[in-house]
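What follows is one structure encoded as structure tokens, with my remarks underneath.
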Amino acid sequence: MTAGNEPRSQKNSMPATLRALVVEDNPGDARLMQEALRDARTVRFDVTHAPSLATAIDCLDTGSYDIVLCDLSLPDSSGLETVNRLKATAPGLPLIVLTGSNDEETGLAAMQAGAQDFMVKGICDGDSLARGIRYAMERHRLQAALETARLAEIATKDDFLSHVSHELRSPLTTIYQFVTIILDGLSGPISEEQREYLEITLRSVNQLRRMIGDLLDVTRASNGKMRIQRETLNLADTVATAVRAMAESAKEAGIELTADVASAPTVSGDDARIRQVVTNLLDNAIKFTQRGGTITVTAGILPESDGAALVTVTDTGAGMETEDVERMFERLYQAPDATEASRRGLGLGLHICHEIVSLHGGRIWCESTPGNGASISFTVPASAATENEAASEGGSAMAQTAASGGDT
């Protein structure tokens, strides 16, 4: 939003004269709207008429307004596309949608897309119209204040989490170092029972280290400080490395882990971060898959693309309800009916996956139904070498991997 289209009512108190931009291609409807606004006794209006969306955008780029009233059926735009383009041009301005008498459903959809209200054309007098505009402006002001407060609260929490995470790393590193010294026998011989206890301790320490890493990644993502180092990489090797790292965890859980990545292309991305995504997805799948189940990882070329990659992790777990599927990439979200075993961690792994994939310019999504497992897929852009040829060769890769004992 440019400085010119910040509503004056947000800068100071409600101005004596409100500048209204009426976007309406029908000359008769536009004239009636202007006359109704001029007839308002409670507030004065300075009205600008724009007969098209393009004209309205020009007005918003060069002028200062307090409210936009817009018909959704314009010569160069229609429906929710009009709302989206106006909100993108002037996100700080309240918007009222003008609808026909039988178009209430569209008006409600427009409000869900960001409009503050909708009005039926031709049925409001000047005072009613002015009152509706003032209410819409106040509603927009309150929404903006709430959003500002919400972002400030998130920033405070993120600063706190970042500070705590950094402070926890030092003592945890010390614990890790001394436990490994004892396990390696550098401080003297230990019994098998002592070794068992120390290995349990070490697993817990590593779990805490991963949690702290997740907290730091989330705060970096929230602050816009998460970075990726792009390189041309062999996706098959990247995915295979992540699968090998999780093979022992799957085996301990009694789950068969297999991978087919032979057709994975060369992509442009951050090797460590993409491995982190695959590792997080596998960790999530292991949590929600019962003993005796299977997890399959596939990687290949995204159909009808310029060589972009598609990676999918599929499990035979309990599956998820639609609401859980829609919210699973939210920060700290955990399914309300999740088992105790599946609640290990902070509910940040999938959110971090979403942030990393977004930074790569890809997308991530899930397909699942209760009782039928889940399938989470993400895309990675093609490398410059494959953009024009949609390469199907992935270099060296493993065709089939069994976590129960086969080499990966």
With x for Gly and Pro, the residue-by-residue ³J(HN,Hα) of region 293-309, computed from phi through the Karplus equation 6.51 cos²θ - 1.76 cosθ + 1.60 at θ = phi - 60° and given in whole Hz, is x, 10, 10, 10, 10, 10, 9, x, 8, 5, x, 6, 10, 8, x, 5, 9
Would you list, by chain and number, the lysines whose Cα falls below 25 Å from the Cα of residue 251, excluding same-chain residues fewer than 8 positions away? 287
Can you figure out the FRET efficiency of residue 252 with residue 112, using R₀ = 60 Å and their beta-carbon distance, to the nearest 0.05? 0.85
Straight-distance crosslink candidates among lysines, where the alpha carbon sits under 24 Å from residue 157 and sequence neighbours closer than 8 are dropped: 225
Can you give the charge dipole size of region 30-117 about its Cα centre, rounded to the nearest 20 debye, using +1 on the beta carbon of Lys and Arg and -1 on the beta carbon of Asp and Glu? 240 debye
Computed FRET efficiency, Cβ-Cβ of residue 154 and residue 333, R0 22 Å: what is it to the nearest 0.05? 0.90
Put +1 on the Cβ of every Lys and Arg and -1 on every Asp and Glu Cβ in region 134-246; which of 245, 198, 146 then has its Cα farthest towards the positive end of the dipole? 146
What list of ³J(HN,Hα) couplings, whole Hz, do you get for region 264-279 from phi and the Karplus terms 6.51, -1.76, 1.60, once you set θ to phi - 60° and write x for glycine and proline? 5, x, 6, 10, 9, x, 9, 4, 5, 6, 5, 4, 4, 4, 4, 4
Accessible area of residue 360 in the full protein assembly, 1.4 Å probe (Å², nearest 10): 10 Å²
Could you go through region 84-94 in sequence order and give the Karplus-derived ³J(HN,Hα) for each residue, using 6.51 cos²θ - 1.76 cosθ + 1.60 with θ = phi - 60°, rounded to whole Hz, and x for Gly and Pro? 4, 6, 5, 5, 5, 6, 9, x, x, 9, x
With N set to the residue count of region 259-321, report its C-alpha Rg divided by 2.2 N^0.38 Å to two decimal places. 1.24
Per residue Cα convex hull volume for region 205-343, in cubic angstrom? 136 Å³
How large are Rg and Dmax for region 143-214 when calculated on the C-alpha trace, in angstrom? 19.2, 65
List residues of region 20-37, by number, whose backbone nitrogen lies under 13 Å from a label position 7 Å along Cα→C-beta of residue 62. none
Would you please give the residues with an amide H less than 5 Å from that of residue 226, counting only those at least 5 places away or on a separate chain, with H modeled from the backbone geometry? 221
Which value, in Å² and to the nearest 10, is the accessible area of residue 48 when all protein chains are kept and the probe is 1.4 Å? 30 Å²
Label-point gap, in nm, between residue 35 and residue 181 - each point 7 angstrom along Cα→Cβ: 9.0 nm
Residues whose modelled amide H sits under 5 Å from the amide H of residue 190, counting only those 5 or more places away in sequence or on another chain, are none
If I stretch the segment between residue 204 and residue 166 completely, what's the gain in nm (0.36 nm per residue apart, minus their alpha carbon distance), one decimal? 11.9 nm
Output the peptides 212-223, 148-159 sorted from most to least packed, where packing is the average of other Cβ atoms within 10 Å over each peptide's residues. 212-223, 148-159
Here the gain from full extension of residue 232 to residue 194, 0.36 nm per residue of separation minus their alpha-carbon distance, amounts to 9.1 nm
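The values are calculated or read from the model by the stated rules, or taken from the named source; none is laboratory data. The model shown is predicted, which means the values in this text are computed figures rather than measured ones. Positions of Cβ are backbone-derived with ideal geometry, glycine not excepted, and every protein chain shown enters the neighbour counts. Each accessible area value is taken on the protein alone, full model and side chains, heavy atoms only, with ligands, DNA and RNA left out. Shrake-Rupley method; radii C 1.70, N 1.55, O 1.52, S 1.80 Å.
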